[in-house]
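Student: This is the structure I have questions about; it appears just below.
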Amino acid sequence: MSASFEHFQGWPNEAAVSSTHLLEDTLSNAYQFQAEGYQHTPVKLSVQGRIPSYAAGTLYRTGPSQRIVKDTPKGDFKIDHWFDGFSSVHRFELTPTADGSVEVAYNSRQNVDTLVEKIRSTGNYGQVTFGQKRDPCDGLFKKMKSVFTAARGLSPEENNIGVTIAPDVPGLDRESSGGKSKCKTLTTFTDSASYKQLDPETLEPLGVANQDSLHPALTGPLSAAHANYDPVNGDVLNHNLDFGRKCVYRIFKTSRATGQTEILATISGPDIKAAYIHSSFLTENFMVLGIWTSYIASNGLGILWQRNIVDAISPFDPAHKVIWLVVDRKHGRGLVAKFTSPACFMFHSSNAWEETAADGTTNIVCDHVEYENLDIIHRFYFENFLSTSPKAGEFLKSHHETVKPHFARYRLAGIPTTAKPAHVTTSPAERILTIDGPLLGEFPTINPDYATRPNRFLYRSEERRVGKEGGSSGDL
């Protein structure tokens, strides 16, 4: 490696560079975070130590792969934002052996090969993305033309859907394993209303559908990549966001027992804004949707003009409060309460549960990792976090405090437990616990046995210096 090559704060992230480029000693911005090569046929991995037999099963992981398409008619095409990296899936099959340990077989696949080849031949992405910058040569006519390009006409290998992954999601009736796998279906999701089905064994893309295939009322283009799963019966709950003169949120539930989808609440109003929402909360009897201060311009229509979510989000305004919507998910009462709290943004919730108040009403406690504004979204442009980018230091110097995560616990008090309220009131949410960064970390999770119940321990991914452990737990 070149001795003159310097990394921001001496903290290299060349671990995300392909081995070929390391050998060529070309640690340039262009080739970092450029995963190439996939293992389509399962291979046995060597295991150091011993994996206990109770861990046997199949582990799936999804995430961005390559971000550079070389030698297009316009030169090298580069993905701008980490969240837009071409999606891939990794499969680890853990099989118990006679001695009580576990063998591991691995295969993987990039599931947007057709999209990559189209970019290779044209130099254009041509789809709505999370944060990809538009070609400055695109004029008014080309932008307007792209508004009316139907994403539904894209093939499975053109749809870049791969933020989360789940087996056997209720409501998806298509058998995709052919009886070869322990799970019948495998599905990937993103922050849109589209989802992609894969073969659970080979990971080949099989088809793409939209939420209106679950229920005809779910016509909006956005949803949350992280749905809520009932820990008792396996039902799935999420929201669908529709755009227009006024935006409409539809909270829905898909039954694992029947595969049928039910609209629990349809919510709109002058105080209800279209927002980028990545996850929500689930308790024993309620789903809670937080409308963060990540409003999309023109009630969502800004995405059609900007062609990406990041540029369509209005500038953060601390005067715009968060609105919490509490929806009854078991007794047909729809929206039962609304709350407000100071402006903030959140990617990931960790848990929520109910408590009975002294007056017989219900209090809900919600845990999540939050940020004081939207700077964290811009942090994940490659130019702002690659250790070789001059802008990485500039960005952190000016946004050091605002990109720190904070654990936050809120109490939503006084929710009626029986009758449907004649008028849904709005009350202040109470922030009852804060744990500040910078070592808090992200991707919070808990022991799943405590979902919808009070939990003491929170596990999260933590950003550390090279050579130190990358994750830890926290005692709440």
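The values are calculated or read from the model by the stated rules, or taken from the named source; none is laboratory data. Note that this is a predicted model, so its numbers are computed, not measured. Cβ sites come from the backbone with ideal geometry, for glycine too, and all protein chains shown count toward neighbours. These accessible areas exclude ligands, DNA and RNA; they are computed on the full protein's heavy atoms, side chains included. Shrake-Rupley method; radii C 1.70, N 1.55, O 1.52, S 1.80 Å.
Student: Where in segment 238-294 are there strands (runs of 3 or more DSSP E), lying wholly inside it, with at least 2 residues that are among the hydroxyl-bearing types (S, T, Y) and out of contact with any helix residue (DSSP H, G or I) (no Cβ under 7 Å at 6 or more places or on another chain)? Can you show your working first?
Tutor: Numbers: elements: 248-254, 261-267, 286-291.
Output list reads 248-254, 261-267.
Student: So G207 fits all but one of (1) open to solvent by 20 Å² or more (accessible area, probe 1.4 Å); (2) part of a strand (DSSP E or B); (3) small (G, A, S); what number is the exception?
Tutor: So G207 meets the others, but not (1).
Student: Mind telling me which of the residues V89, V69 ends up being touching a Lys or Arg at 6+ places or on another chain (Cβ under 7 Å), farther than 23 Å from S121 by Cα and surrounded by 14 or more Cβ atoms within 10 Å (Cβ to Cβ)? Walk me through how you get there before you give the answer.
Tutor: Details: V69 fails: farther than 23 Å from S121 by Cα.
The conditions single out V89.
Student: Could you please give the count of residues in segment 358-412 that are closer than 22 Å to Y450 by Cβ and either of a type in the set (A, V, I, L, M) or touching a helix residue (DSSP H, G or I) at 6+ places or on another chain (Cβ under 9 Å) (or both)? Reasoning before the result, please.
Tutor: Just the residues of segment 358-412 that are closer than 22 Å to Y450 by Cβ, to begin with: 362-370, 405-412.
The next check asks that each one be either of a type in the set (A, V, I, L, M) or touching a helix residue (DSSP H, G or I) at 6+ places or on another chain (Cβ under 9 Å) (or both); those that pass are 364-365, 369, 405, 408, 412.
The total comes to 6.
Student: Taking the condition among the β-branched types (V, I, T) and under 30 Å from Y106 (Cβ atoms), does V236 pass?
Tutor: yes
Student: Just to verify a result, which residue in segment 100-115, among those that are in a loop (DSSP other than H, G, I, E, B) and of a type outside the set (A, V, I, L, M), is modelled with the highest pLDDT? Explain how you work it out, then say what you get.
Tutor: Start the filter on segment 100-115 by keeping residues that are in a loop (DSSP other than H, G, I, E, B), which leaves 100-101, 111-112.
Narrowing the set further to residues that are of a type outside the set (A, V, I, L, M) leaves 100-101, 111.
Working: G100: 85, S101: 86, N111: 92.
Within segment 100-115, the match that is modelled with the highest pLDDT is N111.
Student: Just give me the residues in segment 426-441 being in a strand (DSSP E or B), loosely packed, with under 15 Cβ neighbours inside 10 Å and under 24 Å from the mean Cα position of the chain (by Cα), in sequence order.
Tutor: Correct list: T434, D436.
Student: Kindly indicate whether any position in segment 393-402 is at pLDDT below 95, within 22 Å of the chain's Cα centre (by Cα), under 15 Å from E442 (Cα atoms) and open to solvent by less than 30 Å² (accessible area, probe 1.4 Å).
Tutor: Step one: of segment 393-402, the residues at pLDDT below 95 are 393-402.
Applying the additional criterion that residues be within 22 Å of the chain's Cα centre (by Cα) yields 402.
Narrowing further to those that are under 15 Å from E442 (Cα atoms): 402.
This time we only want the ones that are open to solvent by less than 30 Å² (accessible area, probe 1.4 Å), so: 402.
Yes, because at least one residue in segment 393-402 is at pLDDT below 95, within 22 Å of the chain's Cα centre (by Cα), under 15 Å from E442 (Cα atoms) and open to solvent by less than 30 Å² (accessible area, probe 1.4 Å).
Student: Pick from segment 316-342 the residues that are farther than 16 Å from Y371 by Cα and assigned to a loop (DSSP other than H, G, I, E, B): which of them is most open to solvent (accessible area, probe 1.4 Å)?
Tutor: The selected residue is H331.
Student: Also: Residues of segment 433-446 being touching a strand residue (DSSP E or B) at 6+ places or on another chain (Cβ under 7 Å) and farther than 15 Å from F281 by Cβ, which ones?
Tutor: Initial filter on segment 433-446 (touching a strand residue (DSSP E or B) at 6+ places or on another chain (Cβ under 7 Å)): 433-437, 440-446.
Selection gives L433, T434, I435, D436, G437, L440, G441, E442, F443.
Student: Another question, then. Can you name every residue in segment 442-476 that is open to solvent by 60 Å² or more (accessible area, probe 1.4 Å), on the phi < 0 side of the Ramachandran plot, at pLDDT 80 or above and of a type in the set (A, V, I, L, M, F, W, C)?
Tutor: Within segment 442-476, F457 is the sole residue that qualifies.
Student: Look through Q197, Q211 and report the one residue that is of a type outside the set (A, V, I, L, M, F, W, C) and closer than 20 Å to D113 by Cβ.
Tutor: Numbers: Q211 fails: closer than 20 Å to D113 by Cβ.
Selected residue: Q197, the only one of Q197, Q211 that is of a type outside the set (A, V, I, L, M, F, W, C) and closer than 20 Å to D113 by Cβ.
Student: Taking T97 and the conditions (1) polar (S, T, N, Q); (2) under 20 Å from E157 (Cα atoms); (3) more than 23 Å from the chain's Cα centre (by Cα), which numbered condition does it fall short on, given that it satisfies the others?
Tutor: Unmet condition: (2).
Student: To continue, here is another question. Which count do you get for residues in segment 239-251 that are open to solvent by 10 Å² or more (accessible area, probe 1.4 Å) and at pLDDT 95 or above? I'd like the intermediate steps shown before the answer.
Tutor: Of all residues in segment 239-251, those open to solvent by 10 Å² or more (accessible area, probe 1.4 Å) come to 242-246, 248, 250.
Those left that are additionally at pLDDT 95 or above: 242, 248, 250.
Residues flagged as open to solvent by 10 Å² or more (accessible area, probe 1.4 Å) and at pLDDT 95 or above within segment 239-251 amount to 3.
Student: Something else: Please identify the pairs in which a residue from segment 287-315 that is under 22 Å from K338 (Cβ atoms) and open to solvent by less than 10 Å² (accessible area, probe 1.4 Å) has its Cβ atom under 9 Å from the Cβ atom of a residue that is charged (D, E, K, R) and part of a strand (DSSP E or B), counting only partners at least 6 apart or on another chain.
Tutor: Going by the 9 Å Cβ cut-off, the qualifying pairs are M287/K253; M287/D328; W292/E370; G300/D242.
Student: Then there is this: Closer than 18 Å to G414 by Cα and surrounded by fewer than 22 Cβ atoms within 10 Å (Cβ to Cβ), is that true of E383? Steps first, answer last, please.
Tutor: Details: closer than 18 Å to G414 by Cα: no; surrounded by fewer than 22 Cβ atoms within 10 Å (Cβ to Cβ): yes.
Criteria not met by E383.
Student: Out of (1) within 25 Å of the chain's Cα centre (by Cα); (2) surrounded by fewer than 20 Cβ atoms within 10 Å (Cβ to Cβ); (3) not small (G, A, S), the odd one out for L374 is which?
Tutor: It is condition (2) that L374 fails.
Student: Here's something else I'd like to know. For segment 343-359, state whether one or more residues are farther than 24 Å from L282 by Cβ, open to solvent by 10 Å² or more (accessible area, probe 1.4 Å) and of a type in the set (S, T, Y).
Tutor: Scanning segment 343-359 turns up no residue that is farther than 24 Å from L282 by Cβ, open to solvent by 10 Å² or more (accessible area, probe 1.4 Å) and of a type in the set (S, T, Y).
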